[in-house]
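Read through the structure below, which is laid out as structure tokens, and then see the notes.
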Amino acid sequence: MRSGAFWKAHEIREHIDVVSNRLAPTLWLKNAVFLHPYLNQWVKSNIWIYKDRIIYVGNEEPEKTANTEIFDCKGLYLVPGYIEPHAHPFQLYNPHSLAQHVSQTGTTTLICDNLFLLLQFPKKKAFSFVEDMQSSPVQFFWWARYDLQTECREEDQLIPPDVVKQWIEHPAVIQGGELTGWPKLLLGDDLFLHWIHETKKVGKRVEGHFPGASRKTLTKMKLFGVDSDHESISGEEVYNRLLCGYSVPLRYSSIRPDLPKLLEELLAFGVNRFDEMFFTTDGSTPAFYENGMINQTIQIALEAGIPEFEAYKMATYNVARYYMLDSKLGVIGPGRLASINFLEAKNNPNPVAVLAKGKWIHKDGQVFDHFPQADWNKYEVAPLELDWDLTMDDLQFSMPMGLKMRNTVIIEPYSITIDNFVDELPLDHDESFLAVIDKKGKWRINTMLKGFAKGIKGFASTYSTTGDVVLIGKNKQDMMHAFSRLKEIGGGIVITENGQVIFEMPLNINGAASSKKFKDLIKEENGLVQIMREKGYKFLDPIHSLLFLSCTHLPYIRVTQEGIYDVMKKTILFPTIIR
């Protein structure tokens, strides 16, 4: 299937020949009992599949079966492949490794953020990558960002109007957003409004990003043309979005595992209709996906008392219908993509077999590898080259204001009172040196970070929204050593102590993501978290703490390429320094 989920004319003629018994199906699912979302019933049928498309569903058996694989579904229950509507596919992992891993547990469609492609790929190579991903058994769709969710020095070059328009109009792109820059829209930025209009003109959805928004703000954003928002953290916030006419993804992620609470509170509100709700795991880190993706959310819903038809529809049909793709996805029926999960029990969403685009991902205990190998060089993506040196002059700290971590991702200002005109800070408090330096070595910003950890002596990372170098630590020599090792491995995350490297995670995709197998990444992430905990990190997720350090869609203070940024006042408090 190509971008946009359409088949060519000659392929459709072959499909007609199959249903007319002039051509044999490639796969015949006998004795299938499947969930029909139009009827809210389990229906028994024969299912004929030709290559990647469901051709026929009914009582008839195919007359021609030469070279047809016949699979007896007796004792199994079939549901459509699960859909993740809000994926961030470069959270240490990459789209290839993510798809290969989560498809094992039934998530066979990913609707993905394009931010990494805007920031890390040459423009033409980004579109080539999107096209090449259509050869995966997992179906990929994409968003079109209107902004970069941080203050960038070269934003006009990274995301010029012609590029935004190309993304909006691309057939693999099915929505605009997420709209992290919505405050600018409210303040009169008509460029955002223009992009919303352009998205609507081509018949696509617009996704919001409205944490803590009031009913009045939600109403205004609805008037602008936004269709959905995934930022609810209570049943009341979901309810208010439904009242305003939004479709609402319910989130269960590594930093916001809110789904159980949301469902409990929605049921307490008396909500018994779930057609405008679906699930998302919102770009969680690798370890969170150890046991799968959307299958986990269905299990939570079933355990919360959501009726089984509704729980499965929230993971399949509701998403497809919202994106106007239900003629291609989310239904086991003629004309749909042949992505199907095979369950041992109706109340167990963990499949014993998975079919994706007509190819077996696994069945009968055997795993099949239909995933193409990624050639990252093709897209001019490689280990990061840091062709500049760090000096002690780069580690001078005199700013009166520092950054205090309230939780994993919320940062607020604080007044620095300790003596930071030293080369090493004591380990009896949680204040550390913080330097963010341009990956090209042109600028830097230095301050203090409170709440990160008491015992981290040297920490260097290129894992951040913009891919710039983040240095944190108690000891300047260890910070220098961590940076030196970071250069050697081509970017990633490095922790040092007393002149020794105690942890490293190479990220060979521009220093921001890894090409390793997913299970290997889980082990590396667990190793990082363990060391961080031992050294005093007390929040949920250090990976997201790094990622969101520069993200201006979250309060209150951020470190950006322009300097220390006040999110609420939208002003630069302290500009970056030219090196």
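For the subset of the stretch 116-144 comprising residues that are free of Cβ contacts under 8 Å to residues at least 40 places away in the same chain and surrounded by 22 or more Cβ atoms within 10 Å (Cβ to Cβ), which member is nearest to ALA513 (Cα to Cα)? The selected residue is LEU117. If you filter the stretch 216-226 down to residues that are open to solvent by 30 Å² or more (accessible area, probe 1.4 Å) and of a type in the set (A, V, I, L, M, F, W, C), you find that the one that is farthest from TRP195 (Cα to Cα) is LEU223.
Looking only at residues of the stretch 420-432 that are in a loop (DSSP other than H, G, I, E, B) and in contact with a strand residue (DSSP E or B) (Cβ under 9 Å, 6 or more places away or on another chain), we find that the one that is most open to solvent (accessible area, probe 1.4 Å) is ASP423.
Which residue, of ASP394, ASP387, is buried (at least 16 other Cβ atoms within 10 Å of the Cβ), in contact (Cβ under 8 Å) with a residue 24 or more places away in the chain and more than 29 Å from the chain's Cα centre (by Cα)? Break it down into steps so the answer makes sense when it comes.
On the way: ASP387 fails: buried (at least 16 other Cβ atoms within 10 Å of the Cβ).
Of the residues listed, the single one that is buried (at least 16 other Cβ atoms within 10 Å of the Cβ), in contact (Cβ under 8 Å) with a residue 24 or more places away in the chain and more than 29 Å from the chain's Cα centre (by Cα) is ASP394.
Residue-level analysis places GLY527 outside the set of residues that are at pLDDT 95 or above, in a loop (DSSP other than H, G, I, E, B) and surrounded by fewer than 19 Cβ atoms within 10 Å (Cβ to Cβ).
If only residues of the stretch 84-107 that are at negative phi and part of a loop (DSSP other than H, G, I, E, B) are counted, the one that is surrounded by the fewest Cβ atoms within 10 Å (Cβ to Cβ) is HIS88. In the stretch 235-253, the residue that is nearest to GLY527 (Cα to Cα) out of those that are assigned to a loop (DSSP other than H, G, I, E, B) and open to solvent by 20 Å² or more (accessible area, probe 1.4 Å) is TYR252. Candidates are the residues of the stretch 450-474 that are out of contact with any helix residue (DSSP H, G or I) (no Cβ under 8 Å at 6 or more places or on another chain) and assigned to a loop (DSSP other than H, G, I, E, B); the one that is surrounded by the most Cβ atoms within 10 Å (Cβ to Cβ) is LYS474. Of the strands (runs of 3 or more DSSP E) contained entirely in the stretch 325-366, not one carries at least 2 residues that are farther than 23 Å from GLN175 by Cα and in the same structural domain as SER103 (by the TED database). Every condition in (1) without any contact (Cβ under 8 Å) to a residue 40 or more places away in the chain; (2) of a type in the set (Ser, Thr, Tyr); (3) open to solvent by less than 10 Å² (accessible area, probe 1.4 Å); (4) part of a helix (DSSP H, G or I) is met by THR297 except one, and the failing one is (1). So MET568 fits all but one of (1) open to solvent by 10 Å² or more (accessible area, probe 1.4 Å); (2) in a strand (DSSP E or B); what number is the exception? All conditions pass for MET568, except number (2). Among the residues of the stretch 490-517, those identified as under 30 Å from PHE371 (Cα atoms), of a type outside the set (S, T, N, Q) and open to solvent by 10 Å² or more (accessible area, probe 1.4 Å) are GLU504, PRO506, LYS516, LYS517.
Filter the stretch 145-164 down to residues that are surrounded by fewer than 21 Cβ atoms within 10 Å (Cβ to Cβ) and of a type in the set (Lys, Arg), then give me how many there are. The qualifying residues number 1.
Cβ-Cβ distances below 6 Å connect the following pairs, each with a first residue in the stretch 69-92 that is assigned by the TED database to the domain that holds ILE174, a second residue that is acidic (Asp, Glu) and in a loop (DSSP other than H, G, I, E, B), and a separation of six or more residues or different chains: HIS86/ASP282; HIS88/ASP113. In the stretch 165-215, the qualifying residues are those that are among the basic types (Lys, Arg) and under 24 Å from ASP132 (Cβ atoms), and the one that is most open to solvent (accessible area, probe 1.4 Å) is LYS165. Checked against (1) within 29 Å of SER254 (Cα to Cα); (2) open to solvent by 20 Å² or more (accessible area, probe 1.4 Å); (3) touching a residue at least 40 places away in the same chain (Cβ under 8 Å); (4) over 25 Å from the mean Cα position of the chain (by Cα), ALA435 passes all but a single condition, namely (2).
In this structure, does PRO413 turn out to be assigned to a strand (DSSP E or B) and of a type outside the set (A, V, I, L, M)? Outline the logic, then answer.
Working: assigned to a strand (DSSP E or B): yes; of a type outside the set (A, V, I, L, M): yes.
So PRO413 fits the description; yes.
Residue by residue through the stretch 363-381, note down the ones that are open to solvent by 40 Å² or more (accessible area, probe 1.4 Å) and either under 29 Å from SER339 (Cα atoms) or in contact (Cβ under 8 Å) with a residue 12 or more places away in the chain (or both). Of everything in the stretch 363-381, those that are open to solvent by 40 Å² or more (accessible area, probe 1.4 Å) and either under 29 Å from SER339 (Cα atoms) or in contact (Cβ under 8 Å) with a residue 12 or more places away in the chain (or both) turn out to be ASP364, GLY365, GLN366, VAL367, PHE368, ASP369, HIS370, PRO372, GLN373, ASP375, LYS378, GLU380.
Acidic (Asp, Glu) and outside any helix (DSSP H, G or I): does that describe ASP387? I'd like the intermediate steps shown before the answer.
Numbers: acidic (Asp, Glu): yes; outside any helix (DSSP H, G or I): yes.
Judged against the criteria, ASP387 is a match.
Being more than 21 Å from ASN475 (Cα to Cα) and open to solvent by less than 90 Å² (accessible area, probe 1.4 Å) is the filter here; which residues of the stretch 397-413 pass it? Of everything in the stretch 397-413, those that are more than 21 Å from ASN475 (Cα to Cα) and open to solvent by less than 90 Å² (accessible area, probe 1.4 Å) turn out to be ASN407, THR408, VAL409, ILE410, ILE411, GLU412, PRO413.
The values are calculated or read from the model by the stated rules, or taken from the named source; none is laboratory data. Computed from a prediction, not measured in an experiment: that's the story for all the values here. With ideal geometry, Cβ positions are generated from the backbone for all residues, glycine too; neighbour counts draw on all protein chains shown. When the accessible area is computed, the model is the full protein with side chains, heavy atoms only, and any ligands, DNA or RNA have been set aside. Shrake-Rupley method; radii C 1.70, N 1.55, O 1.52, S 1.80 Å.
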